[in-house]
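S.K.: This structure is in structure tokens; I'll ask about it shortly.
The values are calculated or read from the model by the stated rules, or taken from the named source; none is laboratory data. The model shown is predicted, which means the values in this text are computed figures rather than measured ones. Here the Cβ is made from the backbone with ideal geometry for all residues, glycine too, and neighbour counts use every protein chain on show.
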Amino acid sequence: MTTPTNETGTTQTWVGATTLVARREVHTKVRDKAYLAGFGVMLAILVASLVVNAILAARDDGSGGTVAAVGQRAASMATQAGLSVQRVPDHAAGVALLRSDDDSNQVKALVEVAHGRVQLTGTSDVDDSVQKAFTATPRVHLLDPPPANEGALLALGIGFGVVFFMVSVTFGMSIAQSVVEEKETRIVEILVASIPVRALLAGKVIGNTVLAIGQVVVLAALAFIGTHLVASGGVIASLLGGSIVWLLVFFLLGFVLMASMWAVAGALAGRSEDLSSTTLPMQLVLMIPFFASVYSQKPNTLMTVLSYIPFSSPFAMPRRILVGDTAWWEPLASIALMLLAIALVLSVCARIYSGALLQTTGKSNLARAWSAGGDGPGRRPGRRRNTTGEPVELQAAGSRR
Amino acid sequence: MVLQLDGICRSFGGRPVLDHISFQVRPGRIVGFVGANGAGKTTTMRIIMRILSADDGAVTWNGSPVDDATRTRFGYMPEERGLYPKMPVVEQVRYFGELHGMSAAQATAVAGQLLESVGLAERAHDKLKDLSLGNQQRAQVAAALVHAPELLVLDEPFSGLDPLAVDAVIDVLRGRARQGVPVLFSSHQLDLVERLCDDIVILSGGRMVADGTVEELRARAGSSRYRLVLGGDAGWVRAIPQLSVLDVDGDTATLELPDENSPSGASQRRALLEQAMQRGDVREFSVIRTPLSEIFREAVA
């Protein structure tokens with residue numbers, strides 16, 4: 001900072017101001033009882049559904065059952081694991097036993113020991129109860145792996161879309177509300193006289209992104225732990241696999257892309273009553289891609305196109321990744337487009353936000369806010385004839401630093 | 001440490017609201033900014049804080065134009081105010097301190113002291129929305145002062161305050177002025193302005209109509225008023241030639257005499273008093289200090 005110091009110490013830096021704003025957003029939210037209650041209900045529903053699942057799964061689950069074993073070591077380990085063992089001479093015999101159509105066949109898996117590790121072979125599935133019987137997690141090999149569970153993947157993809165939609169709207173509205181609150185109470189006049197407008201915007205975006213991601217991570221962690229406690233856990237975990245990282249990346253980028261737009265929706269409103277109309281476009285921007293991606297159930301051209309358009313890619317690309325419809329470079333290309341869009345949207349929104357922030361006469365319009373926002377940085381005060389005559393000009397602090 | 005406004009002009013939609021406003025706020029001076037509603041006070045203050053831009057003219061601080069870095073060292077209290085409704089008072093004050101670059105510890109300490117000096121120490125941890133409007137106002141004053149600003153620009157800091165709160169805020173402002181901080185504040189409470197201010201700037205319809213100390217403004221009026229209370233009826237004063245009698249009410253006469261410091265004023269007063277004493281009892285003969293409200297009315301008339 002080249003700005004002089006004041007009596008109390010140093011002038012706030014850009015980063016410092018942004019951090020303070022972000023921290024306040026988070027503090028305010030986590031102390032908001034309505035928000036906590038909502039989140040609590042969400043957690044309760046999730047836990048309840050896991051418990052119900054676990055109870056149903058427990059009912060299904062019989063004892064360990066019978067397995068075939070190759071070799072003395074495998075047989076004794078299986079016995080130790082509390083399974084009843086049927087010895088077979090070799091792998092081929094075990095497979096034959098597994099595949100036999102005999103109704104009396106109780107063999108659920110073939111147990112072998114290779115390189116000190118237990119390997120289980122099953123036809124299309126290995127019972128959880130068998131897997132859990134061993135102390136060390138066994139390696140599982142399936143003879144006829146089931147085709148990717150289309151129904152489950154579809155549900156997972158849509159579920160992800162729903163979570164993204166809900167969290168985006170929740171925290172997007174929270175950004176808009178936080179902006180309009182500052183406008184309504186005129187705190188904004190003190191704020192813009194204290195810190196750069198863009199630091200204020202950045203702080204809001206970062207604070208709410210942290211909150212949104214935090215909430216998703218808590219939900220995901222709980223779901224992850226929960227599904228591992230119930231029988232079907234292995235299935236979901238295997239379905240998700242590495243795509244969980246992609247899901248989070250698309251979630252993060254998708255949220256950040258929209259965040260500054262929510263701030264603009266807040267800045268265009270004069271009072272919190274105006275929010276329902278100024279945030280309507282935002283809700284549509286979320287809803288249209290959401291439904292478009294829900295309705296195209298199978299991978300198709302529409303889905304491919306949607307997975308590259310920045311606003312719909314957080315819905316479409318994760319679903320394509322889940323069903324394995326993507327080449328390795330496709331998510332990366334989509335992310336690159338997303339980053340470009342974020343850069344563009346942020347700079348446009350920062351300008352509109354600056355311009356609309358101090359318009360206190362009711363709802364603002366985009367064009368006016370745009371031209372007002374452009375006046376801020378680099379403009380010499382008092383040397384410009386006012387042509388529009390609207391009381392909207394803001395000496396945006398963006399020129400500082 | 002001088003704030004200087006030089007020929008500030010501003011219009012909204014072709015309607016001029018400020019027309020060449022020029023005045024100074026000098027170190028340690030408390031300047032009262034007076035004017036009817038819509039006279040342009042708030043617009044002027046917003047221009048000083050760079051929340052609005054001027055169409056013409058310049059605002060300088062110690063001789064250089066006010067920029068973004070400079071204005072962060074000013075303390076500002078906006079016209080329509082509010083802080084975060086759901087945030088505890090002390091946290092808001094601390095937040096504004098930190099936004100101005102104070103360390104958390106420093107901001108916490110100063111916020112506590114300030115809230116105590118405006119009489120809010122006991123409510124420090126209450127949410128703002130749970131406070132009365134007057135107390136919210138006190139919190140607002142504290143928020144404007146937390147970063148030890150070099151200049152104070154306060155839009156109606158006294159509106160809605162009870163007399164005790166007014167005194168508390170006055171003490172705080174006087175304390176800052178004693179440290180050399182120039183203070184500019186607007187108010188409609190003219191008795192208060194008269195009591196507190198060193199200088200007064202009067203705006204009317206976007207123009208400056210008066211600027212100076214209260215005494216200077218009075219002197220500019222040119223004459224002083226006197227009250228004469230007699231033992232009997234005061235009607236005879238009307239018969240004295242060249243004496244401007246404003247009012248006679250039974251035993252009390254209100255008169256206008258030339259400025260108290262002028263020689264002709266002194267001889268006129270002596271002649272009047274001698275005549276009154278000859279006629280009977282004189283109970284009171286005193287200068288009526290022209291109240292600021294009157295100076296104001298005349299100035300904006």
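S.K.: Cβ contacts < 8 Å: first residue in contact (Cβ under 8 Å) with a residue 40 or more places away in the chain, restricted to the stretch B:1-29; second residue part of a loop (DSSP other than H, G, I, E, B) and acidic (D, E), any location; separation 6+ or different chain. Result?
M.R.: B:M1/B:E150; B:C9/B:D55; B:R10/B:D55; B:S11/B:D55; B:R29/B:D198
S.K.: Could you identify the single residue in B:P149, B:P88 that is over 28 Å from the mean Cα position of the chain (by Cα) and within 10 Å of another protein chain (Cβ to nearest Cβ)?
M.R.: Selected residue: B:P88, the only one of B:P149, B:P88 that is over 28 Å from the mean Cα position of the chain (by Cα) and within 10 Å of another protein chain (Cβ to nearest Cβ).
S.K.: Same structure again: Mind listing just one residue for me: the one in the stretch B:5-39 that is outside any strand (DSSP E or B) and more than 19 Å from the chain's Cα centre (by Cα) and, of those, nearest to the other protein chains (Cβ to nearest Cβ)?
M.R.: The selected residue is B:G13.
S.K.: Could you run through the stretch B:159-189 and say how many residues are under 10 Å from the mean Cα position of the chain (by Cα), crowded, with 19+ Cβ neighbours inside 10 Å and of a type outside the set (G, A, S)?
M.R.: 3
S.K.: Can you confirm whether the stretch A:306-320 contains a residue that is crowded, with 22+ Cβ neighbours inside 10 Å and more than 23 Å from A:S260 (Cβ to Cβ)?
M.R.: Yes, the stretch A:306-320 has at least one match.
S.K.: Please determine, by comparing only the residues of the stretch B:42-67 that are crowded, with 24+ Cβ neighbours inside 10 Å and charged (D, E, K, R), which one is nearest to the other protein chains (Cβ to nearest Cβ).
M.R.: That would be B:R50.
S.K.: A:V179 - would you say it is more than 14 Å from every other protein chain (Cβ to nearest Cβ) and either part of a helix (DSSP H, G or I) or β-branched (V, I, T) (or both)?
M.R.: In short, no.
S.K.: A further question follows. Identify the residue in the stretch A:24-40 that is surrounded by fewer than 15 Cβ atoms within 10 Å (Cβ to Cβ) and in a helix (DSSP H, G or I) and, among all such residues, is farthest from the other protein chains (Cβ to nearest Cβ).
M.R.: The extreme case among them is A:G40.
S.K.: What residue, of A:G172, A:G151, A:G161, A:G203, is away from chain B (no Cβ under 14 Å), at pLDDT 90 or above and in a helix (DSSP H, G or I)?
M.R.: Selected residue: A:G172, the only one of A:G172, A:G151, A:G161, A:G203 that is away from chain B (no Cβ under 14 Å), at pLDDT 90 or above and in a helix (DSSP H, G or I).
S.K.: Scan the stretch B:97-107 and give yes if some residue there is away from chain A (no Cβ under 12 Å) and of a type in the set (S, T, Y), otherwise no.
M.R.: Within the stretch B:97-107 (the criterion being away from chain A (no Cβ under 12 Å) and of a type in the set (S, T, Y)), the answer is no, since none of the residues qualifies.
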